[in-house]
Amino acid sequence: MQCCQPDCENEAMVHLTEIVDGQMKKIDLCEECAKEQGVTDPKGFALADLLLGLGAASEMESGSGELECPACGFAQADFKKSGRLGCSDCYATFAEPLEGMLKQMHKGTQHVGKVPKALRQEMDFTKHRQQLEKQLSKAIEREDYEQAALVRDQLRGLDVPLEEPVEPLEPKPKSAKSAKGGEA
C-alpha cells in the first residue's frame, strides 16, 4: 500500500483510523511522513506494550532467554517493537510467553465470543451430548439403571439422522417390587 501523501512514493507502514464527528477517515503513511506529521514518538515506544498493556512485552522479554523463530528469525525484541509476529511459525515459537499475555488481556485463552451460527449449533449439539454422557455415567454410578437406560436412548436418538424424528421415550413404570418399597 502506498503512502497517502501526494508527493510520496514510499510504502505505507503506519495506518491510522481517525473518527471525527462520527465520520471515519483512514490515513496510510510511510515512516518518514508519519514522523513529519508527528504521529510516531521519536524516542520510540513499545507498540506491544500499548496493545497488550504496559509491561506485557517486558514480561515476554523477561522469559527464559531471547527466543527467535527458526523460520523467519523474528525475535522477542522485534515483537516488542512492532506488536506483531513475523510468520505463522512464530505462534509456535512464542506460544508460552504469548499465552501468559493472552491470559492477562482476555482472562483466558479459550474463545468465548461470537461464533458463526452453523458452528454454534454444532457446539450446542456437542455440549448437549456431553451433558447426556455425564448424566449416563452418574446414573450408572448410582445404580439407577432405569434412568441410565432413558439417557442411553436419548444419546442413541442423537445419532439418528435429522430427517428421521425420534419419538421421546416414556419412562417405564416401576415394577411392583420397587413400588412396594424395594427388596426385602
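The values are calculated or read from the model by the stated rules, or taken from the named source; none is laboratory data. Just so it is clear, the model here is predicted, and its values are computed rather than measured. Methodologically, a virtual Cβ is constructed for each residue, glycine included, from the backbone with ideal geometry; neighbour enumeration extends over all protein chains shown.
Whether any residue in the stretch 69-84 is modelled with pLDDT of 80 or more, exposed (fewer than 12 other Cβ atoms within 10 Å of the Cβ) and not acidic (D, E) is what I want to check. The answer is yes; a qualifying residue exists. Between T126, T93, the distinction of being surrounded by 12 or more Cβ atoms within 10 Å (Cβ to Cβ) and at pLDDT 85 or above belongs to T93 only. When the stretch 17-57 is limited to residues that are surrounded by fewer than 12 Cβ atoms within 10 Å (Cβ to Cβ), closer than 28 Å to M101 by Cβ and aliphatic (A, V, I, L, M), the one that is modelled with the highest pLDDT turns out to be I19. Would you confirm whether or not the stretch 96-113 contains a residue that is assigned to a helix (DSSP H, G or I), loosely packed, with under 14 Cβ neighbours inside 10 Å and either modelled with pLDDT of 75 or more or among the acidic types (D, E) (or both)? Looking through the stretch 96-113, at least one residue is assigned to a helix (DSSP H, G or I), loosely packed, with under 14 Cβ neighbours inside 10 Å and either modelled with pLDDT of 75 or more or among the acidic types (D, E) (or both).
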